[in-house]
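What follows is a short report on a single structure.
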Amino acid sequence: MFGLLSGAQAQNPLQTAIHVWVADQDLQQAKISMAIIDADTRQLVASWDPHALLTPASSLKVLTTSTALVTLGADYRFKTELQYDGTIDANGILRGNLYIKGYGDPVLGSDQMEGTDNLDGVMQAFQQAVKEAGIRQITGRVVGDASFYSGEPVPASWKEEDAGNYYGAGAWALNIHENFYYLPFKQSAKLNGEPRALDPYPPVPEITFLSEVRSGASGSGDNAYIYGGPYDYNCPVKGTIPLGSGIFKIKGAVPDPPLMAAQILSKTLGMGGVEVVQAPVSKKEAGGPGRKVIYTHYSPSLQKIVERANQESVNLYCEALLLAIGMKQYGEGSRGAGLQAIKAFWVDRGISLDGNALIDGSGLSVDNRVSSYQLAQIIRKIYADPQLWPLFGASLPVAGKSGTLSDMLKGTAAEGRIQAKSGSMKSVRSYTGIVHTKSGRSLAFCMIANDFSCSSYAMRKKMEQLLLRMVQE
């Protein structure tokens, strides 16, 4: 399975440890791919089926985020424009429409991202810009313009139970509040009781929830799932939330973020004394010439967006980066163009991704396929790049210290010595990054496990023990 070993590998205690590790009873039916490369000598020091193409989950994010840092630049900022067409007469009447023109910002109106205005702040800035432009009434409508990008907001292979939840929110040219809403429930005090769904925030007009949510044990956490997807306003909600006497919030994916942005701004303007005569709409087709820009909002730097994308494994950010890469390289903000650009980027650096299945930029699709050797080589090349590594390395979670690895191997010899992107979904676990060994070596590595028979938590613990062993090198 693992191919022929070199003499150095055969005598390598780390290779022996891998042989023992894969003999675990829980891994007998599993697919395992593992590659460990010395970052200085570039030698493959230990491996297991390193060229097998497996589902990597969020380890795939290293492809998207590293490519974005180079292609777009660490200082790149997404913009969002407030535009209008038609004319403004002496009485402040805009005889035309007001547009929120999106250019792919994934953090517009976010309450999660430091350094950007939240939803209320953005809407107040837009309202102020409208008033400063002398507009007191709009005879047309507020339009959420998502025409800068093309294609569907989510891949067809994303699961329905993912696409309806916050982590499966699609990416549009106009995103708002990270394309998710909070759905609060009034908890039930009885086990298997029926908590009551309340109104979502931000408000999502016309959405309906068909709740089958029940009360689980106290402290059982969020085990509720919202089913749906883009443009689907009838959303079943299933699963459990903990019993209790308060309010418990889950998060769902907004069906049409450009429309929601237009709806919220239209309402904000009305409350501020600017009448909007017609109902808000969203659009994906390109508009005609002649619009005037009255305000431009800028995102935090791409470096900051990449940091949160990798630290907290934010799928939306990586999907937005994928579209931005496609637009920059080929003038087409589509998933296909972005993936083509990523493949070309790494071919130029000596790594072919031909034959791989790359479906998205976040790793959420179960149909993605890459090998551990490819990802380990990519990490090694990033680590060797004196311009890229300081930026990219700072975005990776550190074992026992930060991000998704903050509680991993805490209090062990590995704490602070592993910088890695993790990946997890049903029957998938992966880690990709750099191990700084006790002897001073730097090892670029990737380990991927698919179809294991134990729990995901148990698989994580098994991988942690192997990572701890790598630190001892």
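Quick rundown of the values:
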read-out	value
Within region 89-110, tally of residues that are in a loop (DSSP other than H, G, I, E, B) and closer than 15 Å to SER299 by Cα	7
Residues of region 27-60 that turn out to be under 14 Å from SER427 (Cα atoms), charged (D, E, K, R) and assigned to a loop (DSSP other than H, G, I, E, B), as a count	0
Count of residues meeting criterion [touching a helix residue (DSSP H, G or I) at 6+ places or on another chain (Cβ under 8 Å) and in a loop (DSSP other than H, G, I, E, B)] in region 360-373	6
Residue list for region 114-153, filter: under 23 Å from the mean Cα position of the chain (by Cα), surrounded by 18 or more Cβ atoms within 10 Å (Cβ to Cβ) and outside any loop (DSSP other than H, G, I, E, B)	LEU119, VAL122, GLY144, ASP145
The listed residue being surrounded by 24 or more Cβ atoms within 10 Å (Cβ to Cβ), of a type outside the set (Ser, Thr, Tyr) and either in contact (Cβ under 8 Å) with a residue 60 or more places away in the chain or not in a strand (DSSP E or B) (or both), out of ALA413, ALA444, ALA458, ALA420	ALA444
Selection count where residues are touching a Leu at 6+ places or on another chain (Cβ under 8 Å), surrounded by 15 or more Cβ atoms within 10 Å (Cβ to Cβ) and of a type in the set (A, V, I, L, M), scope region 177-216	2
Pick from region 62-99, criterion touching a strand residue (DSSP E or B) at 6+ places or on another chain (Cβ under 6 Å) and over 25 Å from LYS131 (Cα atoms), ranking: surrounded by the fewest Cβ atoms within 10 Å (Cβ to Cβ)	ARG77
Scan of region 74-88 for residues that are part of a loop (DSSP other than H, G, I, E, B) and touching a Ser or Thr at 6+ places or on another chain (Cβ under 9 Å), ordered by number	ALA74, ASP75, TYR76, ARG77, PHE78, GLY86
Unique residue being out of contact with any helix residue (DSSP H, G or I) (no Cβ under 8 Å at 6 or more places or on another chain) and either in contact (Cβ under 8 Å) with a residue 60 or more places away in the chain or closer than 24 Å to THR404 by Cβ (or both) when the list is LYS304, LYS343, LYS328	LYS304
Some residue of region 2-12 being in contact (Cβ under 8 Å) with a residue 12 or more places away in the chain and in a helix (DSSP H, G or I)	yes
Candidates ALA394, ALA384, filtered to the one that is surrounded by fewer than 22 Cβ atoms within 10 Å (Cβ to Cβ), under 23 Å from ASN315 (Cβ atoms), modelled with pLDDT of 95 or more and out of contact with any Gly (no Cβ under 8 Å at 6 or more places or on another chain)	ALA394
Selected residue (criterion: surrounded by the fewest Cβ atoms within 10 Å (Cβ to Cβ)) from residues of region 100-113 that are closer than 25 Å to ASP85 by Cα and not hydroxyl-bearing (Ser, Thr, Tyr)	LYS101
Residue in region 226-235 that is among the hydroxyl-bearing types (Ser, Thr, Tyr), in a helix (DSSP H, G or I) and crowded, with 18+ Cβ neighbours inside 10 Å present	no
Subset of region 397-410 [assigned to a loop (DSSP other than H, G, I, E, B), crowded, with 18+ Cβ neighbours inside 10 Å and in contact (Cβ under 8 Å) with a residue 24 or more places away in the chain]	PRO397, ALA399, MET408, LEU409
Residue count for region 99-140, restricted to those that are modelled with pLDDT under 95 and at positive phi	1
Matching strands (runs of 3 or more DSSP E) fully within region 244-341 where at least 2 residues are surrounded by fewer than 17 Cβ atoms within 10 Å (Cβ to Cβ) and either aliphatic (A, V, I, L, M) or assigned by TED's automatic domain parsing to the domain that holds ARG95 (or both)	292-298
Breaking point among (1) surrounded by fewer than 19 Cβ atoms within 10 Å (Cβ to Cβ); (2) in contact with a Lys or Arg (Cβ under 7 Å, 6 or more places away or on another chain); (3) not charged (D, E, K, R), for TYR166	(1)
Condition met for ALA156 (surrounded by fewer than 20 Cβ atoms within 10 Å (Cβ to Cβ), outside the structural domain of GLU114 (by TED's automatic domain parsing), farther than 28 Å from GLY121 by Cα and without any contact (Cβ under 8 Å) to a residue 12 or more places away in the chain)	yes
Test: LEU174 is outside the structural domain of VAL366 (by TED's automatic domain parsing) and either buried (at least 22 other Cβ atoms within 10 Å of the Cβ) or not in a strand (DSSP E or B) (or both)	yes
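The values are calculated or read from the model by the stated rules, or taken from the named source; none is laboratory data. Owing to the predicted nature of the structure, the values given are computational and were not obtained by experimental measurement. Virtual Cβ from ideal backbone geometry, glycine too; neighbours counted across all protein chains shown.
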